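> Take a look at this one; I'll ask things after.
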Amino acid sequence: MADHVTTHQAEEDARNEAILIWVNGALKPKAEAVVSVYDSGFMLGDGVWEGLRLYNGRWAFVDEHIDRLFEAAKAIDLDIGMTPAAVIAALEETRAANGMVTDAHARLMVTRGVKTRPFQHPSLSRQGPTVAIIMEHSRPKLPRPIRLATVPHLRGLPMTQDPKLNSHSKLNCILACIAAEKAGADEALMLDVHGFVNTTNACNFFIVRKGQVWTSTGDYCLNGITRQKVIDLCRENGIPVFEKNFSLVECYSAEEAFLTGTFGAQTPVGMIDGRVIGTGQMGPVTERLRTLYKALVGA
């Protein structure tokens, strides 16, 4: 599809060729920022990560992101080997080394580290964790509202792979994304185990119906920080907001739909399964929430 777009589409920025990447305490140019083929993250997807965004010299909601990282690490029984303050200091060191002030995105990754033999058991990871920070200059560049397609891939039950875990094992979401692309859409709309609308493969999902903002219960999706900020902003500004079960029928007839995520903040959705949502353009509630969110992050 010629005009395919993604929710993480950014303007080209030549400065990204010369970035320095933080790997286990050392700042390295792109070509030297490498990890072992024995690394647990490469071999098994055994790790957790966070995406953070820089606005006017400040990492938006940094404490909440770092809290979520440490919660995830504890959930998979991984000792990061650094305090939260030390992780934030590493972020700042990388930011300063790259001379970044605003419109930058960081991917902060922690894996169980290098294994002694190429097998699954976590006890084979004996050298301590691998911590890496990729930081790029990035400004979202979306030529049009996003098109979604519903896919058969579900966000599953907590005892399969808990969707609340921001893990390196993203294959379920990648397969969903591929299915959506094959259907001529940009991103996948994923249902929960009961068939209710849940999330996309990369972002949290909202609709607007009769002036009310709806999102999923949150039981089967990543506990998105931007998602929570939008819910909070609605409550603080008299916009009715509900975390509830709803189906595709209610999505197709919604006046607006939008996605939330650290990278794109609030991204308008123009089409779901070939049905135009509202006018097909960004709606007034989405626009208002974007304005409120920009004020919140001080952008």
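Every number here is computed from the coordinates shown, using simple stated rules; none is lab data. Because the structure is a prediction, the values reported are computed rather than measured. Cβ coordinates were reconstructed from backbone atoms using ideal geometry, including for glycine residues, and neighbour counts include every protein chain displayed.
> For the chain, take the longest principal axis of its alpha carbons; what is the angle in degrees between that and the long axis of helix 171-182, to the nearest 10 within 0 to 90?
50
> Using square roots of five times the C-alpha gyration tensor eigenvalues, list the equivalent-ellipsoid semi-axes of the chain in whole Å, biggest first.
Semi-axes, largest first: 32, 22, 18 Å.
> Can you sort His4, His137 by how many other beta carbons sit within 10 Å, fewest first?
With the fewest neighbours first, His4, His137 line up as His4, His137.
> With springs only between Cα atoms under 10 Å apart, run a GNM on the chain and tell me which of Pro163, Pro268, Pro122 wobbles the most.
Pro122
> Using a 10 Å cut-off around each Cβ, can you sort Glu181, Glu12, Glu243 from fewest to most neighbouring Cβ atoms?
In order of increasing Cβ crowding within 10 Å: Glu12, Glu243, Glu181.
> Another question, then. Around Lys115, what is the net charge, scoring Lys/Arg as +1 and Asp/Glu as -1 over all other residues with Cβ under 10 Å from its Cβ?
Neighbourhood net charge equals +1.
> For the stretch 14-137, just list the percent of Cα-Cα distances falling in each 10 Å bin from zero outward, please.
13, 44, 32, 9, 1
> Going by alpha carbons, how many degrees (0 to 90, nearest 10) lie between the helix axis of 225-236 and the longest principal axis of the chain?
Around 40 degrees separate the two axes.
> Along the positive direction of the dipole of the stretch 1-156 (beta-carbon charges: Lys, Arg +1; Asp, Glu -1; about the Cα centre), which of Ser125, Gly47, His4 reaches farthest?
The listed residue farthest towards the positive side: His4.
> Give the order of Val213, Val297 when sorted by the count of other beta carbons within 10 angstrom, beginning with the fewest.
Sorted ascending by nearby Cβ count, the order is Val297, Val213.
> Along Cα→Cβ, 7 Å out, is where each label goes; now give me the distance between the ones at Arg117 and Arg144 in nm to one decimal.
5.5
> From the gyration tensor of the Cα coordinates in the stretch 146-297, what semi-axes in whole Å does the equivalent ellipsoid have, largest first, with each one equal to sqrt(5λ)?
After diagonalising the Cα gyration tensor, the semi-axes are 23, 18, 14 Å.
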